[in-house]
Amino acid sequence: IRDHNNGSRGALIVLEGLDRSGKSSQCSRLLSYLVGLGHSAELWRFPDRSTGVGKIISSYLSNNSQLDDHTIHMLFSANRWEKRSLMENKLETGTTLIVDRYSYSGVAFSSAKGLHFEWCKAPEIGLLAPDLVVYLDILPEKAAERGGYGGERYEHLEFQKKVARCYQVLRDSSWEIIDACQPIEDVEKQLKGMVLDCVMACQKGKPLSN
Ligand code: DGP
Ligand code: NA
Ligand code: NA
């Protein structure tokens, strides 16, 4: 089966937000939508817990190991770097990537611990720049009410409040913001519109950048 890409590149689409903002379910809905339209698309997530580095991160997140804040920061970044060339290859060969968390999580979660903001950004420089960043906006208190915080290291209200503040500092005018407290179908509808526009722009030759 041939896809719609005709030799053009895929789009790098990143979803960001607090834990329990609904990112993961929106990412899967988005994937089905794009694939249903005949696009070549994949769902990725960071941290990617399947790699060697990812296993260290996973153990840290589940509180089975302790690591210095700077050390784990660089491991999260390394986990993105180890996927960079595959990511570039996929995009260049026409596959759109929907990515559940990226560098912005790296900066928001580590600076929420008090690490220096610019220091946190440094190891992310040179990773591929997203074509679209969508922030699923939800108050930490609302996210906490959704329940199902999985009991991982960062999943408690006080810390999520700090992360929310760091995302506010990070976000710029290029980000699309969706009110994540709306019904899931409304979030989905808005997201699909933004993403399809972005996929089309990339097909028309919008360049990929660092
Ligand atoms: P998730 O698999 O999306 O639930 O992410 C796991 C947790 O790790 C979540 O609380 C967000 C956090 N996280 C994701 N990326 C990074 C990162 O690069 N650095 C730090 N410090 N935390 C991250
Ligand atoms: Na989580
Ligand atoms: Na998630």
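The values are calculated or read from the model by the stated rules, or taken from the named source; none is laboratory data. Predicted model only: the values in this text are computed from it and were never measured. Cβ placement follows ideal geometry from the backbone for every residue including glycine, while neighbour counts extend to all protein chains displayed.
Could you tell me which residue of the range 65-104 is farthest from ligand 3 (Cβ to nearest atom), considering only residues that are without any contact (Cβ under 8 Å) to a residue 40 or more places away in the chain and of a type in the set (Asp, Glu)? Here the answer is 68. Checking the stated criteria, residue 88 turns out not to satisfy the condition of being farther than 30 Å from residue 185 by Cβ, among the acidic types (Asp, Glu) and within 16 Å of ligand 1 (Cβ to nearest atom).
Of the residues making up the range 56-76, those that are in contact with a Ser or Thr (Cβ under 8 Å, 6 or more places away or on another chain), over 14 Å from residue 115 (Cα atoms) and buried (at least 16 other Cβ atoms within 10 Å of the Cβ) are 56, 76. Residue count for the range 65-109, restricted to those that are aliphatic (A, V, I, L, M) and more than 16 Å from residue 208 (Cα to Cα): 7. Applying the set (1) more than 30 Å from residue 36 (Cα to Cα); (2) at pLDDT below 95; (3) polar (S, T, N, Q) to residue 160 leaves exactly one unmet item: (2). Taking the range 130-151 as the range and being closer than 14 Å to residue 27 by Cβ and in a loop (DSSP other than H, G, I, E, B) as the test, only 130 passes. Residues satisfying the criterion are absent from the range 5-22 (criterion: more than 26 Å from residue 208 (Cβ to Cβ), in a helix (DSSP H, G or I), modelled with pLDDT of 95 or more and of a type in the set (Asp, Glu)).
In the range 105-122, of all residues being within 16 Å of ligand 3 (Cβ to nearest atom) and closer than 30 Å to residue 39 by Cβ, the one that is surrounded by the fewest Cβ atoms within 10 Å (Cβ to Cβ) corresponds to 106. Restricting attention to the range 194-210, the residues that are within 25 Å of residue 108 (Cβ to Cβ), out of contact with any Gly (no Cβ under 6 Å at 6 or more places or on another chain) and not in a helix (DSSP H, G or I) add up to 2. Selection over the range 25-55 of residues that are within 16 Å of ligand 2 (Cβ to nearest atom) and within 23 Å of residue 113 (Cβ to Cβ) gives a count of 6.
Report, by residue number, each residue of the range 152-193 that is surrounded by 12 or more Cβ atoms within 10 Å (Cβ to Cβ), away from ligand 2 (no atom under 16 Å from the Cβ), outside any helix (DSSP H, G or I) and touching a residue at least 12 places away in the same chain (Cβ under 8 Å). Selection gives 171, 175, 176, 177, 178, 181.
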